[in-house]
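Worksheet for the structure shown next.
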Amino acid sequence: MNTLRLLDADWARLARKMGQPAGRRPFSSYFGPRFAPVALLRIACGLERRGWHRLGKAVALLDFLLFGIEFSTRAEIGPGLVIPHTQGIVLGARRIGANVTIYQQVTLGASEADFVYDPATRPVVEDGVTLTAGVKVIGPVTIGAGTVVGANAVVTSDLPPGVVAVGIPARVLQASS
């Protein structure tokens with residue numbers, strides 16, 4: 001999926017969540033604190049896909065400096081990404097599915113320092129997942145589609161689809177509705 005289509009999907013989902021029409025976004029919306037970080041992320045990843053690695057990294061660094069969000073430009077991130085509050089987010093996942101919501105202070109990362117970005121050591125977040133404030137997802141685990149992970153939970157093993165998980169370590173509390 002190209003960068004503009006991903007941005008359109010991200011904007012449409014954010015607009016729905018904010019109760020606004022999903023139509024054409026004004027240029028000024030790119031500078032809002034809920035969309036600008038996602039726009040920079042999409043631009044950085046798009047540059048990486050086109051082989052402009054250094055420029056992609058520079059845009060990712062700008063996103064980190066302005067909004068406190070750190071991510072790998074090599075990660076596969078589906079459409080409809082919503083990040084309501086960006087400070088302290090680390091997106092070191094192998095893959096993030098479509099229509100995922102990620103709140104502040106969330107970390108998706110390898111279980112050991114991995115400076116070369118080995119996808120085999122990274123988490124996978126499937127479609128429709130909500131990661132609430134402070135969630136830590138560590139290692140090569142999968143968060144199933146539609147799962148909600150409660151605040152400050154630490155996920156170190158796979159979570160099935162459609163559940164609510166809480167705690168340290170995260171455990172399934174109930175099937176989500």
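A few points about this structure:
- Cross-chain or 6+ apart pairs with Cβ under 8 Å, segment 121-146 first and buried (at least 18 other Cβ atoms within 10 Å of the Cβ), then among the basic types (K, R) and part of a strand (DSSP E or B): V124/R95; V125/R95
- Any hit, segment 99-107, residues being of a type in the set (S, T, Y), closer than 22 Å to F67 by Cα and open to solvent by less than 10 Å² (accessible area, probe 1.4 Å): yes
- Hits in segment 79-89 - residues which are at pLDDT 95 or above and either open to solvent by 30 Å² or more (accessible area, probe 1.4 Å) or charged (D, E, K, R) (or both): P79
- A133 vs. criteria in contact with an Asp or Glu (Cβ under 8 Å, 6 or more places away or on another chain) and small (G, A, S): no
- Flag if V164 is of a type in the set (V, I, T) and within 11 Å of the chain's Cα centre (by Cα): no
- Here F71, F115 are screened, and the one residue that is without any contact (Cβ under 8 Å) to a residue 60 or more places away in the chain, on the phi < 0 side of the Ramachandran plot, among the aromatic types (F, W, Y) and open to solvent by less than 30 Å² (accessible area, probe 1.4 Å) is F71.
- Counting only residues that are aliphatic (A, V, I, L, M), open to solvent by 10 Å² or more (accessible area, probe 1.4 Å) and out of contact with any Ser or Thr (no Cβ under 9 Å at 6 or more places or on another chain), segment 147-165 holds 1 of them.
- Among the residues of segment 1-36, those that are of a type in the set (A, V, I, L, M) and either at pLDDT 80 or above or buried (at least 16 other Cβ atoms within 10 Å of the Cβ) (or both) comprise L4, L6, L7, A9, A12, L14, A15, A36.
The values are calculated or read from the model by the stated rules, or taken from the named source; none is laboratory data. Quick caveat, the model's predicted, so the values are computed rather than measured. Please note: Cβ atoms are built from the backbone with ideal geometry, for glycine as well, and neighbour counts cover all protein chains shown. Note: accessible area is taken over every heavy atom of the protein model, side chains too, but ligands, DNA and RNA are not part of it. Shrake-Rupley method; radii C 1.70, N 1.55, O 1.52, S 1.80 Å.
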